[in-house]
Amino acid sequence: MVITTEARSALANLTIPAATLSSDPLVALIAAISPPYQTNVNIVKKGGSLTLKIGPDTLTHRNAILRSLCGNGLHNALDSQGSSPLLFLGGHSASSFAGSSPISALAIAGITSWMSVASSIRDGSPDDVSTLIGQLNGYFVTRGFVVPSAAPTLADLDLYLAIVTKVAGDELESMIGSNVNTRRWLEQCGATVDELVTVATKNSKVPAITIPKGLTAKPILLPNFFFGDEDEATVAAAASAVKSATSTTSAGNKGKGGGAPATGGAGLTDEQKKAAAEKKAKKNAEKAAKKKKDGGGKGGGATPAAELNVSALDIRVGKILKAWNHEGSEKLYCEEVDVGEETPRKIASGLRSFYKLDEMQERNVLVLCNLKARNLGGFPSHGMVLCASNADHTKVEFAVPPEGSKIGERVTFEGFDGEPEPENKVAKKKIFDKLAPDLKTDSSGEVVWKGVKGKTSAGVCKAVNGMTEAQVS
């Protein structure tokens with residue numbers, strides 16, 4: 001028996017076995033929210049296979065079908081009707097979210113690779129999930145999602161649902177442990193899935209969708225690392241970063257293309273690979289030439305990695321002039337902060353779980369200023385308001401300068417007198433990530449780096465309420 005939801009103007013016909021609807025929540029979600037004027041959904045109660053027909057083309061591979069439904073530009077019949085219908089393919093520079101430009105082939109390659117990782121998780125064991133969680137925690141130190149994007153992509157949702165279908169609830173909580181970066185990603189993906197389920201319940205095309213329980217949200221003082229200026233080399237790096245995660249994929253899962261057109265295959269074309277290799281070789285040659293030119297590091301060049309210290313960070317005294325709630329996030333405040341420059345900095349901080357709005361106003365704080373500007377939920381944030389927090393981020397308080405400090409004054413650490421590194425290098429070399437583990441409060445609640453106190457001309461900086469042995473970030 002076949003149940004059909006039909007629209008005469010639809011350009012695609014999606015056939016789904018009932019068993020697939022109950023076992024594959026992502027397929028069920030995408031089917032439920034796909035526009036009826038573009039897609040007829042046919043549910044086969046017994047037997048049958050997952051297929052998508054678009055004109056003369058028939059796709060039979062699950063991942064290729066999902067990518068096509070989400071508007072990857074492979075099938076002009078769908079995409080020519082306007083903006084891509086679901087827009088879960090991300091892309092670089094966030095341009096594809098407005099449907100204004102084609103999605104990068106390299107971004108598609110990254111999404112395809114990560115969806116292969118999700119397939120290996122679905123076919124694997126809970127132990128595979130535990131291994132992946134550790135790998136993802138390192139990967140998400142400087143990334144918001146699995147490919148450069150301002151929001152979860154199809155690959156994020158696929159990987160998330162593969163994980164929570166295999167391991168959920170208390171067992172997943174136990175696996176996450178102190179992997180806070182993976183937790184942030186899981187919570188963000190979970191919130192997106194919850195929103196999609198709400199939309200799907202209003203659609204009668206498919207039966208009710210059941211999603212396994214993910215994580216219980218906890219306040220985490222971590223930003224979203226999407227800078228909005230990624231080039232294709234960055235996107236290509238994101239695609240290749242899954243290599244270690246896919247190393248455990250069974251031979252049966254490797255290289256699955258399953259009916260996807262050659263233009264949207266599971267990787268890069270030979271021409272793209274050649275171009276990427278040439279770019280990498282050129283970059284390595286430039287690095288070698290620069291290293292040779294710098295010699296022993298004499299002169300005004302950058303500090304050698306072995307000598308990297310807290311002086312690379314531009315921490316200044318700032319004052320929050322005004323703060324307000326971020327319209328698109330329940331965790332973020334938006335602030336204007338005076339750090340001694342001509343105009344105040346705009347900075348977003350995840351502090352709504354820890355401070356009331358009136359407690360944010362006219363407050364002196366410490367600000368990390370040499371961070372690259374980035375969009376946090378559509379708000380242009382340039383810098384970080386530093387706070388002390390306990391290990392599980394359930395308690396957070398401002399790191400503050402001593403009374404009498406001058407706005408814009410730099411915080412110094414005796415014995416470390418170098419100049420701060422430029423913003424682009426701090427981001428590219430992950431300098432803050434390397435130095436942050438030693439930026440703490442001591443047993444007196446004073447801010448220290450490797451035990452050396454952070455000071456202004458007025459005295460020692462501290463956690464505002466004296467939190468001891470806390471991380472400062």
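The values are calculated or read from the model by the stated rules, or taken from the named source; none is laboratory data. Being a predicted model, the structure only gives us computed values, none of them experimental. In this analysis, Cβ positions are derived from the backbone assuming ideal geometry, glycine residues included, and neighbour counts consider all displayed protein chains. When the accessible area is computed, the model is the full protein with side chains, heavy atoms only, and any ligands, DNA or RNA have been set aside. Shrake-Rupley method; radii C 1.70, N 1.55, O 1.52, S 1.80 Å.
Working from label points 7 Å from Cα in the Cα-to-Cβ sense, the residue 170 to residue 346 distance is 4.6 nm. Sketch the reach of a paramagnetic label on residue 406 as a point 7 Å from Cα along Cα-to-Cβ, and name the residues of region 335-357 whose backbone nitrogen lies under 15 Å away. The answer is 339-342. Here each label is just a point 7 Å from Cα along the line to Cβ, and for residue 468 and residue 213 those points are 3.7 nm apart.
Just the protein heavy atoms count here, and of the accessible area of region 341-473 at 1.4 Å, carbon and sulfur take up 47 percent.
Take the Cβ atoms of residue 325 and residue 450, set R0 to 35 Å, and the FRET efficiency comes out at 0.40.
Residues whose amide H falls under 5 Å from that of residue 445, counting only those 5 or more places apart or on a different chain, are 469, with hydrogens built in the peptide plane.
For region 431-473, a simple Cβ point-charge model (Lys and Arg +1, Asp and Glu -1, everything else neutral) yields a dipole of about 140 debye relative to the Cα centre. Charges were assigned to the Cβ only: +1 to each Lys and Arg, -1 to each Asp and Glu. The resulting dipole of region 332-458 about its Cα centre is roughly 560 debye. Here the calculated FRET efficiency for residue 53 and residue 428, from their Cβ-Cβ distance with R0 = 45 Å, stands at 0.45, rounded to the nearest 0.05. Rolling a 1.4 Å probe over the heavy atoms of the protein chains gives region 136-202 an accessible area of 32 Å² per residue. Sorting 337-346, 111-120, 131-140 by their mean Cβ neighbour count within 10 Å, with the most densely packed peptide first, gives 111-120, 131-140, 337-346. Among 174-181, 21-28, the peptide with the highest mean count of other Cβ atoms within 10 Å heads the list, and the full ranking is 21-28, 174-181.
Cross-link pairs exceeding 26 Å between alpha carbons, from the set 322/395; 213/346; 53/166: 213/346; 53/166.
Restricting region 409-473 to GluC sites (Glu not before Pro) that sit in a DSSP loop and have at most 15 other Cβ atoms within 10 Å of their own Cβ leaves 414, 469.
Scaled against 2.2 N^0.38 Å for its residue count N, the alpha carbon radius of gyration of region 297-438 is 1.08.
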